[in-house]
Amino acid sequence: MIKAIWNIEPSANIPLFEKVWRFRHRHFVDRFGWEALRKADEREIDQFDTADAIHLPLIDDEGQVLGYSRLLKSTAPHLLSDVYPELMDGRTWPTGETIYEWTRCVAEPNATIRGIQASNVLLTGVLEYCLTSGISALIVETHPKLVQLLVNNDWNVLPLCSPTMLGTDLVLPIHAEISARALMAHHRNYGINGSLLDLSFCPANPLRPHDELRRLPYLDGQHVDVSAAMRIAGE
């Protein structure tokens with residue numbers, strides 16, 4: 001399940017946070033070689049890990065972290081605005097209260113959850129969370145391979161600039177719209193049924209803090225009628 005964490009300072013003494021920081025360090029530093037992020041305590045935390053950040057760790061039945069994604073407000077400092085603005089070559093990009101930046105997305109390689117590849121569960125869960133909270137679009141700095149994966153799952157993707165080499169990696173900034181159609185494509189293509197979200201830890205909606213998040217009504221059953229989902233979502 002994807003456990004949503006929001007409105008909690010990273011200094012909070014929460015065991016799950018400790019697992020998340022160490023998971024991020026193990027993958028982004030040890031696995032991908034992002035040496036600028038290396039910490040002596042092997043906990044990868046940066047200046048964007050504020051209470052406003054939305055953390056979406058993928059947790060298996062034994063409580064282990066098998067994947068992780070982070071969403072940052074586009075109206076506050078984020079990676080594209082404060083770390084990699086050169087990727088846009090002087091161009092502007094969409095921002096707004098319902099637009100977030102999707103960062104730090106990674107899954108344990110070859111791991112599965114109930115027979116489904118962890119990376120596919122993670123991507124699907126992030127999309128479901130966005131629909132549940134009212135996030136309308138994501139800004140992502142990513143490799144063109146992920147762009148093709150999103151397109152194959154019915155995402156509406158708009159490249160914001162030409163690809164740029166960032167170190168040894170080819171990076172493309174994109175604007176990706178959130179839709180129920182894409183979520184249904186994920187469920188169909190990966191054999192996922194029902195909701196992937198655990199909202200019990202932080203039930204408040206980041207876009208409307210006085211409201212509680214509620215599961216999408218068209219995911220209540222184990223098998224979803226795509227046409228019904230489109231009608232309910234208003235697409």
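The values are calculated or read from the model by the stated rules, or taken from the named source; none is laboratory data. In this text, all values refer to a predicted model and were calculated from it rather than measured experimentally. Please note: Cβ atoms are built from the backbone with ideal geometry, for glycine as well, and neighbour counts cover all protein chains shown.
Within the range 132-149, if we keep just the residues that are aliphatic (A, V, I, L, M) and closer than 24 Å to residue 86 by Cβ, the residue that is modelled with the lowest pLDDT turns out to be 146.
If you go through the range 5-22 and keep only what is surrounded by 12 or more Cβ atoms within 10 Å (Cβ to Cβ) and within 21 Å of residue 78 (Cβ to Cβ), you end up with 5, 6, 7, 8, 10, 17, 20, 21. Checked against (1) loosely packed, with under 15 Cβ neighbours inside 10 Å; (2) within 17 Å of the chain's Cα centre (by Cα); (3) of a type in the set (A, V, I, L, M), residue 40 passes all but a single condition, namely (2). The set of residues in the range 159-188 that are closer than 20 Å to residue 128 by Cα, free of Cβ contacts under 8 Å to residues at least 60 places away in the same chain and not in a loop (DSSP other than H, G, I, E, B) comprises 174, 177, 180, 181, 182, 183, 184, 185, 188. Taking each residue of the range 104-118 that is over 12 Å from residue 70 (Cα atoms) and buried (at least 20 other Cβ atoms within 10 Å of the Cβ) and looking for partners that are modelled with pLDDT of 95 or more and β-branched (Val, Ile, Thr) with beta-carbon atoms closer than 6 Å, six or more apart or interchain, yields 113/121.
For the range 45-66, a residue qualifies if it is surrounded by 15 or more Cβ atoms within 10 Å (Cβ to Cβ), farther than 27 Å from residue 83 by Cα and charged (D, E, K, R), and exactly one does: 60.
What do you reckon, is residue 231 of a type in the set (D, E, K, R), at pLDDT below 90, part of a helix (DSSP H, G or I) and more than 21 Å from residue 91 (Cβ to Cβ)? The answer is yes for residue 231. Only one entry of 159, 173 meets the criterion of being modelled with pLDDT of 95 or more, under 22 Å from residue 79 (Cα atoms) and surrounded by fewer than 13 Cβ atoms within 10 Å (Cβ to Cβ), and that entry is 159. In the range 14-24 there is no residue that is of a type in the set (Phe, Trp, Tyr) and in contact with a Cys (Cβ under 6 Å, 6 or more places away or on another chain). The set of residues from the range 45-72 being free of Cβ contacts under 8 Å to residues at least 60 places away in the same chain and charged (D, E, K, R) comprises 46, 49, 60, 61, 62, 70.
Looking at residue 152, is it exposed (fewer than 15 other Cβ atoms within 10 Å of the Cβ), at pLDDT 95 or above and touching a Ser or Thr at 6+ places or on another chain (Cβ under 9 Å)? No, not satisfied.
The residue pairs whose first member lies in the range 197-225 and is surrounded by 14 or more Cβ atoms within 10 Å (Cβ to Cβ), whose second member is assigned to a loop (DSSP other than H, G, I, E, B) and modelled with pLDDT under 90, and whose beta carbons are closer than 6 Å, counting only pairs six or more residues apart or on different chains, are 218/224.
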